[in-house]
Amino acid sequence: MQKSLPHDKIVPFKDSDLDKKQQVAGMFDQIAFRYDFLNRLLSGGIDVYWRRRAIKELMALQPQKVLDVATGTGDVAIMTYKFLKPATIVGIDISENMLNLGRKKIAKLLLNKHIALQQGDSEAINFPNGTFDAVTVAFGVRNFQHLHKGLAEMLRVLQPGGKLVVLEFSKPRQSIVKGFYNLYMRLVTPGIGRLIS
């Protein structure tokens with residue numbers, strides 16, 4: 001039995017009886033229609049730059065079958081196709097509303113033959129061992145109910161010699177940047193989030 005991490009106890013709604021996975025799915029279903037806009041606004045557009053940087057980590061590998069975990073509205077999947085042109089990209093997410101928005105974006109870009117989005121759980125990925133030669137997850141591991149299980153599942157479906165790229169927030173260590181970051185996260189982000197969502 002794997003012991004739980006502090007990460008596993010962080011939930012969107014402390015007063016809810018639902019487990020973390022159910023809370024996350026419900027939250028993203030509710031904010032799906034504003035998710036892309038909120039990302040761009042709250043990050044000042046830097047989220048696009050970091051996604052691009054993460055995908056470029058796969059350039060030397062030139063993967064042909066890619067899994068994007070916690071794909072949301074499919075931004076990483078779409079960008080992966082744009083930069084790497086793999087034969088197949090599968091995106092999984094627990095929020096059906098986010099996936100529906102992603103499917104519309106993919107259809108509009110005429111990428112249905114290359115990108116498929118489906119409902120899926122990061123802790124029980126519905127593919128055999130070694131299916132993919134690359135796995136990506138952008139701003140998603142913080143929402144895993146059990147971090148160890150999610151990481152183990154992504155490694156399980158990765159081929160030997162494949163590559164896992166995880167893009168996630170971290171806390172700055174430099175004191176000036178750290179102070180600005182803490183202020184922004186404590187005051188600006190929640191205020192804008194409440195106002196818009």
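All of the numbers you see were taken from the coordinates with simple rules; none came from a lab. Predicted, not measured: the structure shown is a model, and the values here were computed from it. With ideal geometry, Cβ positions are generated from the backbone for all residues, glycine too; neighbour counts draw on all protein chains shown.
Kirkwood hydrodynamic radius (Cα pairs, Å) of the stretch 98-167?
On the way: mean 1/r = 0.0756 Å⁻¹.
Answer for the stretch 98-167: a Kirkwood hydrodynamic radius of 13.2 Å.
Under a point spin-label approximation (7 Å from Cα along Cα-to-Cβ), what is the Lys56-Gln159 distance to one decimal in nm?
About 2.5 nm, to one decimal.
With θ taken as phi - 60° and the coefficients 6.51, -1.76 and 1.60, list the Karplus ³J(HN,Hα) couplings across the stretch 132-137 in order, rounded to whole Hz; mark glycine and proline as x.
Once rounded to whole Hz, the list reads 10, 9, 8, 10, 10, 8.
Beyond 25 Å between alpha-carbons counts as too far, so tell me which of Lys105/Lys149; Lys82/Lys149; Lys85/Lys108; Lys113/Lys163; Lys108/Lys149 fall in that bin. Please list the in-between numbers first.
Details: Lys105/Lys149 30 Å; Lys82/Lys149 30 Å; Lys85/Lys108 17 Å; Lys113/Lys163 23 Å; Lys108/Lys149 35 Å.
Beyond 25 Å between Cα atoms: Lys105/Lys149; Lys82/Lys149; Lys108/Lys149.
Tell me the Kirkwood hydrodynamic radius of the stretch 26-167 in angstroms, computed as one over the mean inverse distance between distinct C-alpha pairs. It would help to have the intermediate numbers written out before the result.
On the way: mean 1/r = 0.0669 Å⁻¹.
Evaluated over the stretch 26-167, this radius sits at 14.9 Å.
Peptides 67-79, 147-159, 91-103: what's the order by average Cβ count within 10 Å, highest mean first? It would help to have the intermediate numbers written out before the result.
On the way: 67-79: 25.5, 147-159: 17.4, 91-103: 21.8.
Peptide ranking by packing, descending: 67-79, 91-103, 147-159.
Residues with amide H under 5 Å of Asp121's amide H, sequence separation 5 or more or different chain, H placed in the peptide plane at 1.01 Å from N; which?
Correct list: Asn126.
Just the number, please: percent antiparallel of the DSSP beta bridges in the stretch 26-167, rounded to the nearest 5. List each step's numbers first, then the result.
On the way: 1 of 21 bridges.
Here the share of antiparallel DSSP bridges comes out near 5 percent.
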